[in-house]
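The next block holds one structure in the form of structure tokens; read it before the comments.
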Amino acid sequence: MQGSAHNYRTRELSMKATKYILPVVVGCITGMIMIKMGENLIGSIYPLPPGIEKNTDALAKAVANMPRNAFLLLLVNYAISSFAAGIAATRVIGRTTIRPAVIAGVILTLGGLFNVIAFPKQPVWFSVTNLLVYLPFTLFGYVAVRKKKPTI
């Protein structure tokens, strides 16, 4: 008898974890895929000089010398991608709770922090604004699709 009660509790905890983890994962994957697609598009508009390889000083210098409009487009990309991540996380959870959108926003912000650290020669205004974009826009995504309380 005791074994079946333990199995029930374990299964219940597992189901709860899945219920909350899956929306976060879907939201993060949605956001990251959209960020990558946007960065590829922006890279085709503002290409890096030929011969630049990833994770080199030359890449850091090339990023530092990108035009302001490229950075603005990156911010717009991060905002749209975060909004989509918030929508995806909220829809997977059943549009009832804000938690998955918040967690996805925090994870995307940590990804942005990694970028700030990896490319320290970015303009300061971009680095700061970059870190302030993700969470609010995932929350906007939540608000856009959450279940509204019925009005009388």
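The values are calculated or read from the model by the stated rules, or taken from the named source; none is laboratory data. What you are looking at is a predicted structure, and each value in this text was computed from that prediction instead of being measured. All Cβ positions, glycine included, derive from the backbone under ideal geometry; neighbour counts span all protein chains shown.
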### Summary
For segment 23-50 the number of residues that are touching a helix residue (DSSP H, G or I) at 6+ places or on another chain (Cβ under 8 Å) and outside any helix (DSSP H, G or I) is 3
### Query
Would you pick out the residues in segment 64-74 that are out of contact with any Phe, Trp or Tyr (no Cβ under 7 Å at 6 or more places or on another chain), surrounded by fewer than 20 Cβ atoms within 10 Å (Cβ to Cβ) and at pLDDT 95 or above?
R68, N69, L72, L73
### Query
How do the pairs read when you match residues in segment 102-123 that are at positive phi with residues anywhere that are assigned to a loop (DSSP other than H, G, I, E, B) and of a type in the set (A, V, I, L, M, F, W, C), using Cβ under 7 Å and keeping only pairs 6 or more apart or on different chains?
none
### Task
Could you grab me the full set of residues in segment 81-106 that are under 14 Å from K147 (Cα atoms), assigned to a helix (DSSP H, G or I) and of a type in the set (S, T, Y)?
T90
### Query
Any residue at all in segment 55-63 that is part of a helix (DSSP H, G or I) and crowded, with 19+ Cβ neighbours inside 10 Å?
yes
